[in-house]
Structure formats: C-alpha cells, structure tokens
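Participant: Pasting a structure below so you can have a look.
The values are calculated or read from the model by the stated rules, or taken from the named source; none is laboratory data. No experiment lies behind these values; they were computed from the predicted model shown. Heads up, the Cβs are rebuilt from the backbone with ideal geometry, glycines too, and the neighbour counts pull from every protein chain shown. Calculation scope for accessible area: heavy atoms of the full protein, side chains included, ligands and nucleic acids excluded. Shrake-Rupley method; radii C 1.70, N 1.55, O 1.52, S 1.80 Å.
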Amino acid sequence: MVVQKFGGTSVADPAAVRRLIEIVRTARARDGRGPAVVVSAMSGVTDLLLGIASAAGSSSGMSGALERIEQLRERHLAMARDLVPEPERDALLDEINTTLNQLAAVVQALAVLREVSPRTLDVIAAMGELLSSRVVAAALTAAGIPAEWVDARRAIVTTADHMRATPLAAETAQALRAIVVPALDAKRVPVLGGFVGATVHGNTTTLGRGGSDYSGALVGAGIGAREIQIWTDVDGMLTADPRVIRQPRLVPKLSFAEAAELAYFGAKVLHPSTILPAVERNIPVRILNSMRPEGPGTLITAEPSLDGTPLTGLASKGNVVVVDITSTRMLMAYGFLRRVFEVFERFSTAVDVVTTSEVSVSVTVDDAKAIPAITEALSEFAEVSTESDMALLCAVGDRLRDEPEIAARVVSVLEEVPLRMISQAASRRNITVVLRQADLAHAMQRLHEEFFQ
Ligand code: ADP
Ligand code: ASP
Ligand code: MG
C-alpha cells in the first residue's frame, strides 16, 4: 500500500478535501487497503500560528492574537460544517473548539510571561496539523472511507531540538508499528498530522518548516509502504522554481541523489530530509498534483537518471551571506580549517558552499543571525569580510559525473554573470555557483534556456 502526504494547498478548503477524498478512494480501491494519510496544516495556518505566538509575547499584540485565533476557529469550523454531517459533526466541532481554547489559554499565559520559549512555540505551531488531520479523518469517514485519527505526537518520536527536531529511528518505527499498522490491518485509513512529533517524555516538537513531507516519508518507511506519494500544488518536480522561471518543464524521473541535492538547494516542493527514510528502505517517492490527479507526476527512485536531458534540474537559494576568511597563517599550515569551522559550529550555523585558495576560505551561510558573532570570533585569527544579498544557483544531474563538458557548458552559459564562487563536490552531480542576488533570475533564465528549452 502507499502513504499519501497532502500539503497545505491540498487541504486548504472543502473543495480541496473533496479532491483528497477521491484520491484516497482511488488508492484504496487499487490496493484493497490503506492508504496511510499524512496532512499538512491548511495553507497559511502555520504562518498564522507563528504570528500569533510572536504577537502574544509582546504587550500590545494580545488582542490581535486572540482575534486571529477566532479567525482560525471560524475557518476550521466552517470546514467541519461543510464536510461532516450530523451526528458525527458535533464531536469534530468539540475537538476543534478544545484545541483552539487551549491555544487561547497558552496565548494568555504568554502575555503574562512575555517570553515564548522554543518548547511553547512548538506546542503552538503543531496545532495546525493537529486540527487539519482531525478534519480530514472525519471527512473521510463521512465520505464512506473508515478513517482513524492518529496523534502524531505518539507516532513520531524525536529529539528535544525544538522547531527542528530529529526523529529517533528505532522509537519512531516501533511507535508506527504499534499505532499505524493495526489501523491499516483493521482496514481503516490512519490520518496523521505531518510536521509534528514529541520527545520520549511527550513534549511536542516540530520537524522544521516544510517538515510534513518528512513525516510522510517516515510513515512510509515505518509501515514498509510500496510508495511514498507527495501530493502538492504543482505537477511534480519541475526543472526550475516556477516562481522564477515562467514555464519550467516537468521532470518525469530522477534519482534519490538528485532529488536530495535539488531539495537541499532550494526546490521547496520536497523537504530536504524526505529522501532519507525512502533511501534507507528503498521506497520510491512520487510527487503528484492534487488538482490534476490524473497526471504522471515525478517518480524518484534509486536509479541514476542517465537518459534524457544533460541536466535534471536547477535550484536556488536567495539571501545568503558569503564569508571570506583570509590568513597568511593558512599557508602550508594544518589545523586552520578546523579552527574556522569550529567557530561556525560554536554558533550553530550551517555552511552550504565552501571554496578555498592558498590563503583564504570562502563559505556561504543562509542563516545570518550569528554572523556578527562569527565575524568577531574569526577575527581573532584571520581577516574576515562578509557580503550579503548573495544567492546560490545549483545545477543538478547524474550525468555531470561522467560528462565533464556539461559542467563547462554551465559555466560558459553564465559568462557575463559575475560569479563569486564555483563548486563541484565529490558526488559530482551538482555544480553550484554563488552570485549576486540581483543576478539570480537572469542567470537562472540563461541556464534554463540552454538546457531545457
Ligand atoms: P505543499 O504545501 O504541498 O508542501 P510547498 O509550497 O511546500 O507545497 O511546495 C510546492 C511549491 O514548491 C510549488 O508551488 C512551487 O512554487 C515550489 N517549487 C520551488 N521549486 C520547485 C521545483 N523545482 N519544482 C516544483 N516546485 C517547486
Ligand atoms: N505546516 C508546516 C509548514 O508550513 C509543515 C508543512 O506544511 O510541511 O511549514
Ligand atoms: Mg511543503
């Protein structure tokens, strides 16, 4: 059977949930049981919840926060009234009201405390998925598909790194076997909120923005699904971000490794961690459009994609900062890079691209919060300069490994664009260039025309 993960737009309103119901019905008819369903919060809800949390922590934000809670209540109650008839409706309305009353109580406490801890933020952020999964479970049952709401806080066991928790593999697998598999065996459709988990002590956690894809893959791996389906609002993995390139093409097939590179370097359609559980159990991932379910979508498997176009896709990340670290002490010395990266580690800042010359190292960082502190620490042993408003542009394809002329073409197509760094790492299936943010759209366009049009 399959796992079907539905993103925010795929559960945004009653019409979207009706499409979801038909997609689930089709999968169930084909496989005779299942599927397991994982849903995101309705679109915009997680942003709204995080906005409520930050407003609640300030003295003036309280009334606005409570007003937004009432908007959330109305939106979910309206969904419930539309999708679930009496008498089942009442229980759902109660659940929605209870969750939002809890939210209001938390917000009121925050107004007193004036401080929102990461742990409290997770309790608030998780409510979007807890609500949407309740609504979807009840709507499926009302449509004649027996469904069972599963509390993701019992099914996904994580570390206590709030807002970016890491699932604990053995504990999560065990919990999924104990909770989700019996529902499937009883011919019910388990419905879980994505994005959400809890520590072994039961404290609510979340997996990082966009993390519902990851939940979907974890469930797929945990129950040994034959396929993990990511239902979203585009036809599949596209050759470039449709918000940058007007008409990107659909990528019909790509490898796990390519998908991981594209996701990591900015293809938002897939959360970067999604691939991990799929690779571990060798489960194909398919990306599909919930508004056009008949489309073929994108299939991601272990097979390298060596046929087709020379490149598989482009991805980009804007608003990155380049940090240049220069020291003559680096010349012929060992231990210098260790000292440099130790500083980034100390300030919990991930580095994406690294290039070095004889006496300098350049790195890119997309979380600029700690840059002043990092600069200060590095200045103790090197000259440091930073440049913001930069971007990464990444060209991905398995064929880059064995066909060096493709890399040469990438760089030569960008000849009139000033490139700050160029990097190709050991996997050799990606070439990444760092350029000014202002040049990104143009550079993307040039590459897309060259390789995909
Ligand atoms: P969901 O809510 O279903 O998880 P997301 O908004 O997280 O959806 O991801 C889908 C969006 O990702 C698309 O609407 C598209 O704008 C964006 N996107 C960025 N890069 C790509 C790409 N290479 N292929 C497809 N979509 C992409
Ligand atoms: N609702 C969460 C977010 O907006 C998780 C997800 O949609 O994947 O980040
Ligand atoms: Mg997403």
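Participant: Give or take rounding to whole Å, what are the principal axis extents of the alpha carbon atoms in the range 252-385, in descending order?
Facilitator: Per principal axis, max minus min of the Cα coordinates gives 59, 30, 27 Å.
Participant: Would you pull out the residues with amide H under 5 Å of residue 149's amide H, same chain only if 5 or more places away, H placed 1.01 Å from N?
Facilitator: 191
Participant: Once Lys and Arg get +1 and Asp and Glu get -1 on their Cβ, which of 143, 157, 184 lies farthest toward the positive end of the dipole of the range 112-200?
Facilitator: It is 143, whose Cα lies furthest towards the positive end.
Participant: Spin-label point model (7 Å from Cα, Cβ direction): what's the residue 112 to residue 226 distance in nm?
Facilitator: That separation, rounded to one decimal, is 5.6 nm.
Participant: Rule-of-thumb check for the chain: C-alpha Rg over 2.2 N^0.38 Å?
Facilitator: The reported ratio for this selection is 1.04.
Participant: What order do you get for 298-309, 395-406 when each peptide is scored by the mean count of other beta carbon atoms within 10 Å, highest first?
Facilitator: 395-406, 298-309
Participant: I've got another one for you. Relative contact order for the range 207-256: what percent, with Cα pairs under 8 Å and sequence separation of 6 or more?
Facilitator: For the range 207-256, the relative contact order is 22 percent.
Participant: Taking H placed 1.01 Å from N in the peptide plane, check which residues at least 5 places from residue 305 or on another chain put their amide H under 5 Å from its amide H.
Facilitator: 255, 398
Participant: Take the Cα pairs of the range 68-123, get the Kirkwood Rh, then feed it into Stokes-Einstein at 10 °C and 1.306 mPa s and tell me D in µm²/s.
Facilitator: 127
Participant: Quick one: Karplus J couplings for the range 87-96, per residue in order, coefficients 6.51, -1.76, 1.60, θ = phi - 60°, nearest Hz, x for Gly and Pro?
Facilitator: After applying 6.51 cos²θ - 1.76 cosθ + 1.60, I find x, 5, 4, 4, 4, 5, 4, 4, 4, 4 Hz.
Participant: What size of dipole, in debye to the nearest 20, comes out for the chain about its Cα centre when the only charges are +1 on Lys and Arg C-beta atoms and -1 on Asp and Glu C-beta atoms? Provide the component values of the computation, followed by the final result.
Facilitator: Numbers: 45 positive and 53 negative charges, 199 e Å.
With only Lys, Arg, Asp and Glu charged at Cβ, the dipole is about 960 debye.
Participant: To continue, here is another question. Just want the answer: with Cβ charges of +1 for Lys and Arg and -1 for Asp and Glu, which residue in 133, 123, 79 is farthest toward the dipole's positive end in the range 71-137?
Facilitator: 123
Participant: With the other protein chains left in place, how much accessible area per residue, in square angstrom, belongs to the range 349-453 at a 1.4 angstrom probe?
Facilitator: Ligands and nucleic acids excluded, the figure is 47 Å² per residue.
Participant: Also, I was wondering about something else. Once label points are set 7 Å from the Cα along Cα→Cβ at both residue 166 and residue 294, what is their separation, rounded to one decimal in nm?
Facilitator: 4.6
Participant: Further question: Could you tell me what percent of the DSSP beta bridges with both partners in the range 59-205 are antiparallel, to the nearest 5?
Facilitator: DSSP beta bridges in the range 59-205 are roughly 40 percent antiparallel.
Participant: May I ask you to list the trypsin sites (Lys or Arg not before Pro) in the range 150-253 that are in a DSSP loop and have at most 10 other Cβ atoms within 10 Å of their Cβ?
Facilitator: 243, 246
Participant: Within the set 5/187; 5/253; 253/317; 187/268, which residue pairs have Cα atoms separated by over 29 Å?
Facilitator: In this structure, 187/268 exceed 29 Å between Cα atoms.
Participant: Percent of accessible area on the range 177-259 owned by carbon and sulfur, 1.4 Å probe? List each step's numbers first, then the result.
Facilitator: Working: 1460 of 2960 Å².
With neighbouring chains kept in place, the figure for the range 177-259 is 49 percent.
Participant: Oh, and also: With a cut-off of 8 Å between alpha carbons and a minimum separation of six or more residues, what is the relative contact order of the chain in percent? Let's see the in-between values first.
Facilitator: On the way: 955 pairs, mean separation 61.0, N = 453.
About 13 percent, as a whole number.
Participant: Right, next: From the phi angles alone, apply the Karplus equation (6.51, -1.76, 1.60; θ = phi - 60°) to the range 41-55 and give each ³J(HN,Hα) in whole Hz, x where the residue is Gly or Pro.
Facilitator: Along the range 41-55, the couplings run 5, 4, 4, x, 6, 5, 4, 4, 5, 5, x, 4, 4, 6, 5 Hz.
Participant: Follow-up. Residue 101 to residue 387: FRET efficiency via 1/(1 + (r/R0)^6), r the Cβ-Cβ distance, R0 41 Å, to the nearest 0.05?
Facilitator: 0.25
Participant: While we're looking at this one, here's another question. Can you give the % of DSSP beta bridges in the chain that are antiparallel, to the nearest 5?
Facilitator: 60
Participant: Let me ask another. Using a Cα-Cα cut-off of under 16 Å, which aspartates and glutamates could be cross-linked to residue 369, ignoring same-chain neighbours fewer than 8 residues away?
Facilitator: List returned: 345, 352, 387, 389.
Participant: In the range 1-108, carbon and sulfur make up what percent of the accessible area (probe 1.4 Å)? Write down the numbers at each step before the final one.
Facilitator: Numbers: 2220 of 4290 Å².
Carbon plus sulfur share of accessible area: 52 percent.
Participant: Starting from the Cα-Cα distance between residue 307 and residue 334, subtract it from 0.36 nm times their residue separation and give me the gain in nm to one decimal.
Facilitator: Between residue 307 and residue 334, full extension yields an extra 5.4 nm.
Participant: Send over a whole-number figure in Å² for the accessible area per residue of the range 121-233, probe 1.4 Å.
Facilitator: 32
Participant: So for the pair residue 60, residue 359, with labels modelled 7 Å out along Cα→Cβ, what separation do we get in nm?
Facilitator: Distance between label points: 5.1 nm.
Participant: From the backbone phi of the range 17-33, what are the Karplus-calculated ³J(HN,Hα) couplings (6.51 cos²θ - 1.76 cosθ + 1.60, θ = phi - 60°) in whole Hz, Gly and Pro given as x?
Facilitator: Working through the residues one at a time gives 5, 5, 5, 4, 4, 5, 5, 5, 4, 5, 5, 5, 5, 5, 9, x, 7 Hz.
Participant: Using the charge dipole of the range 391-446 (Lys, Arg: +1 at Cβ; Asp, Glu: -1 at Cβ; taken about the Cα centre), state which of 443, 425, 411 has its Cα farthest towards the positive end.
Facilitator: 425
Participant: In deg cm²/dmol and to the nearest 500, what is the mean residue ellipticity at 222 nm of the chain if only DSSP H runs of at least 4 residues count, each as -39500 (n - 2.57), divided by the residue total? Don't jump to the answer; show the numbers that get you there.
Facilitator: Values: 15 runs with 196 residues, N = 453.
-13500 deg cm²/dmol, from helical runs alone.
Participant: Taking the Cα centre as origin and putting +1 on Lys and Arg beta-carbons and -1 on Asp and Glu beta-carbons, what dipole magnitude results for the range 335-420, to the nearest 20 debye?
Facilitator: 200
Participant: Evaluate the Debye formula for the range 1-155 with equal point scatterers sitting on the alpha carbons, no solvent, and hand back log10 of I(q)/I(0) at q = 0.11, 0.13, 0.19 Å⁻¹, in q order, two decimals.
Facilitator: Log10 I(q)/I(0), no solvent term: -0.45, -0.60, -1.11.
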